[in-house]
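The values are calculated or read from the model by the stated rules, or taken from the named source; none is laboratory data. Fair warning: this is a prediction, and the values are worked out from it, not measured in the lab. Ideal geometry is used to build each Cβ from the backbone, glycine not excepted, and the neighbour counts take in all protein chains shown. Note: accessible area is taken over every heavy atom of the protein model, side chains too, but ligands, DNA and RNA are not part of it. Shrake-Rupley method; radii C 1.70, N 1.55, O 1.52, S 1.80 Å.
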Amino acid sequence: MKLISLYVLFFNLIAIVATGQNPFLPPTAFIPDGEPHVFTYKGEERLFVYGSRDEIVTDYCGYGHDVWSAPVDDLTKWTNHGEIFNIQQIKDIGYGKIEGANLGAPDCVYNPQTRKYYLYTFMLKRYRMDGIQGPASDDEDFIPGYADYGPACIVAESESPIGPFTNPIICDWPSATEDGTFDPSILVDEHSNGNIDVYAYWGNCYGDRWTKINVKDMHSIIHPYTGKSMVNRQTRHVWQASPYKTLNNPSLNGKYTLFEASSIKKVATGKYVFIFSPNENHSSLVYCYSKSPEGPWNYGGTIVNNRNGWEFGNNHGSIVKVKDQWYVIYHRKTDNSYNRQAMIEPIDLKIEGDKVIISQVEMTSQGIFTNGLNAFRRYNANTICYKTARIKIAGSQRCSDGLNPLIGIQSENDSVGIKYLNFGDKKIQDKDHLNLRLNLKLISPEASLTLWVVPEVDFNDETKRIKLGSFKLSNYVSADGNYHEISLQVEDLDHNQSLNHIGGLKGKLGVMMSFNGCVEGMEICRIKEYEFAKGNDPTPNPLHSIVIKNTNKYAQVSVIPTKARLGESVKVVIEPDEGYQYSNVKVSTTNGRKDVLVNPNNKSQYAPQNFNFVMPDEEVVISVKCIKQK
């Protein structure tokens, strides 16, 4: 009886949380390359994710970095802290002064001696050291890069993990490739005697490198022979020895070579893990382990591989321990590799002698919810984690409400899958009037949908899928070019022998939808949302509108997203007209009964004033007041 009660308690818990499924940030957030760290902020331990910002849509990454965080006690409550660094800050010190300059993957660490946080990032686009795009060779500020190109990596500092990060300094780190010091990752190795050592790792396309850096300035390379900081930037000859190649022993490295995505972590005393995306499979994250941050590195295995049921695309992320549980943070592409979203999976990490063993995990929809997502909630279509053929999540559409649809359903038997949904501890019966609700646009008049479930262990075995029903979609909706809410009644559950063989429709199961009815190569349908429901039960977590009240004509006010579910983080951006300044922002429910707490973000130098609030379970109105500057 106690076990059943605990299970019911868990099921009720997952019915009320905000997010935590995959992707784990709100659907308008495209934050790849996530480096996770647990820092203390305002007296509370929080998991911070520092990533790129896929905002260009037609090219990699963006022009600044945002940071997101959640309390370690509840990884469903993510907050958007806004922009913490901007590419213009690098141009201001004379480097990377080219049109379209953008930033790649960052990392952030805390130095307990200086009591500061350090953000490392790099410029993706190459530029010349010609006195225009970067300092000329005879300039006293000249720092060489690769061949005729300028250096790529910078470090900036802050007294807070949410920034803003200021005082950027070019890292004088030599590159082994023309792409520069790609994907920097930093380890602050704290020792029991209070001393620390700091290591930097970077590189791409076989150009993996590491070096020891100065603890005080957090960027100068330590001379490999004297152990002193190399302060003379023109002294280059000793760099033949340092930086060192990271994966320098193929027999130990499992013959895996670095493509990109360097990430270094200390997992226990005298135990280190180096994570990277290999040339041998860009869609995976693999790891090596060592007793020292200086290697040698022994191949450990694959942590996650996006090629299993997904489309080829790059991967970048790392691992983090939150309380007693380890997680892997990674990303996956949507309709292309310029529009990527952050994913999370719990992992098992154990130490046996000198070995660090991390079991490979699959990409899931459930994210942190190891017992599956509550089937009786509404989810965006981007939570699918299995697809066939040319099906994609249309991330490049960047729908302001986050409802980027599934597109490319255009071949017979095209399928999508959800790993996993939990239907509760009690078997669903016909008397429950189960229905599948979809926010769907019908395109082909011949379209049909077949609904399946499958036990978790058999998800990849087509012969183990159990059919719940087939539906001709034109009986529910017309092909008028619009999205409609439809409800598909699931019948004859009580007499479904295959379903009864596994104990009925209950507990954790994979869910599949397959489609037929392609006509002359046209798409069959598109889907934005799905949920299961019993009878006419209302949707427990609908999208609510966010209305900007036009009470002040002296500012441009925007929100992202424009609709949100209960508990999601909403960002408000205020850009006053020339001669005016922000005075006040208020968020309240439309009936005026309740004001919503609004938190200011520590904005970067070039970001407009912005705030965040947590969406309540109803529509809200935003009003802003601006006044003339004095």
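Quick look at the values:
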{"read-out": "Residue selected from segment 561-587 under the condition polar (S, T, N, Q) and closer than 27 Å to GLY20 by Cβ, by the criterion surrounded by the most Cβ atoms within 10 Å (Cβ to Cβ)", "value": "SER569"}
{"read-out": "Listing of strands (runs of 3 or more DSSP E) fully contained in segment 97-165 that carry 2 or more residues being within 18 Å of ASP59 (Cβ to Cβ) and not hydroxyl-bearing (Ser, Thr, Tyr)", "value": "none"}
{"read-out": "Of the criteria (1) over 19 Å from LYS625 (Cα atoms); (2) in contact with a Ser or Thr (Cβ under 8 Å, 6 or more places away or on another chain), which one LYS586 fails", "value": "(1)"}
{"read-out": "Members of segment 588-612 that are out of contact with any helix residue (DSSP H, G or I) (no Cβ under 9 Å at 6 or more places or on another chain) and buried (at least 21 other Cβ atoms within 10 Å of the Cβ)", "value": "ASN601, ASN610, PHE611"}
{"read-out": "Residue within segment 261-273 that is open to solvent by less than 20 Å² (accessible area, probe 1.4 Å), closer than 19 Å to GLU35 by Cβ, part of a loop (DSSP other than H, G, I, E, B) and not charged (D, E, K, R) present", "value": "no"}
{"read-out": "Some residue of segment 333-350 being open to solvent by 30 Å² or more (accessible area, probe 1.4 Å), over 23 Å from LEU25 (Cα atoms) and outside any loop (DSSP other than H, G, I, E, B)", "value": "yes"}
{"read-out": "Segment 351-368, residues that are out of contact with any Cys (no Cβ under 8 Å at 6 or more places or on another chain) and either open to solvent by less than 20 Å² (accessible area, probe 1.4 Å) or closer than 20 Å to LEU434 by Cβ (or both)", "value": "VAL356, ILE358, GLN366, GLY367"}
{"read-out": "Top-ranked residue of segment 493-521 - restricted to ones that are open to solvent by 70 Å² or more (accessible area, probe 1.4 Å) and not charged (D, E, K, R), ranked as farthest from the chain's Cα centre (by Cα)", "value": "HIS495"}
{"read-out": "Flag if GLY82 is in a loop (DSSP other than H, G, I, E, B) and of a type in the set (Gly, Ala, Ser)", "value": "no"}
{"read-out": "Positions within segment 43-76 being open to solvent by less than 10 Å² (accessible area, probe 1.4 Å) and either part of a loop (DSSP other than H, G, I, E, B) or under 19 Å from ASN102 (Cβ atoms) (or both), in sequence order", "value": "TYR50, GLY51, SER52, ASP54, CYS61, GLY62, GLY64, HIS65, VAL67, THR76"}
{"read-out": "Any pair with Cβ under 8 angstrom, 6 or more apart, that starts in segment 571-592 at a residue that is in contact (Cβ under 8 Å) with a residue 60 or more places away in the chain and ends at one that is part of a strand (DSSP E or B) and open to solvent by less than 50 Å² (accessible area, probe 1.4 Å)", "value": "LYS571/ASN80; LYS571/GLY82; LYS571/VAL559; LYS571/ASN610; LYS571/PHE611; LYS571/ASN612"}
{"read-out": "Residue that is surrounded by the most Cβ atoms within 10 Å (Cβ to Cβ), among those in segment 371-396 that are without any contact (Cβ under 8 Å) to a residue 60 or more places away in the chain and more than 16 Å from the chain's Cα centre (by Cα)", "value": "ILE391"}
{"read-out": "Scan of segment 292-301 for residues that are open to solvent by 30 Å² or more (accessible area, probe 1.4 Å) and either within 15 Å of ASP33 (Cα to Cα) or of a type outside the set (D, E, K, R) (or both), ordered by number", "value": "SER292, PRO296, ASN298, TYR299, GLY300"}
{"read-out": "Residue within segment 404-416 that is over 26 Å from ASN306 (Cα atoms) and either open to solvent by 10 Å² or more (accessible area, probe 1.4 Å) or in contact (Cβ under 8 Å) with a residue 12 or more places away in the chain (or both) present", "value": "no"}
{"read-out": "Given (1) of a type outside the set (S, T, N, Q); (2) over 20 Å from the mean Cα position of the chain (by Cα); (3) under 16 Å from PHE611 (Cα atoms), number of the condition ALA564 does not satisfy", "value": "(2)"}
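Yes/no matrix, rows are residues, columns are (1) in contact with a strand residue (DSSP E or B) (Cβ under 9 Å, 6 or more places away or on another chain); (2) at pLDDT below 90:
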{"residue": "ASP197", "(1), (2)": "yes, no"}
{"residue": "HIS219", "(1), (2)": "yes, no"}
{"residue": "MET230", "(1), (2)": "yes, yes"}
{"residue": "TYR244", "(1), (2)": "yes, yes"}
{"residue": "ASN248", "(1), (2)": "no, no"}
{"residue": "PRO278", "(1), (2)": "yes, no"}
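The rows are residues; the columns are (1) surrounded by fewer than 24 Cβ atoms within 10 Å (Cβ to Cβ); (2) among the small types (Gly, Ala, Ser); (3) more than 24 Å from ASP148 (Cβ to Cβ).
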position	(1), (2), (3)
PHE165	no, no, yes
ASP172	yes, no, no
THR181	no, no, no
LEU187	yes, no, yes
GLU190	yes, no, yes
ASN193	yes, no, yes
ASP197	yes, no, yes
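One line per residue, one yes/no per condition, for (1) closer than 19 Å to LEU25 by Cα; (2) touching a Leu at 6+ places or on another chain (Cβ under 6 Å):
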site	(1), (2)
LYS508	no, no
GLU523	no, no
ALA533	no, no
ILE546	yes, no
TYR554	no, no
LYS563	yes, yes
LEU566	yes, no
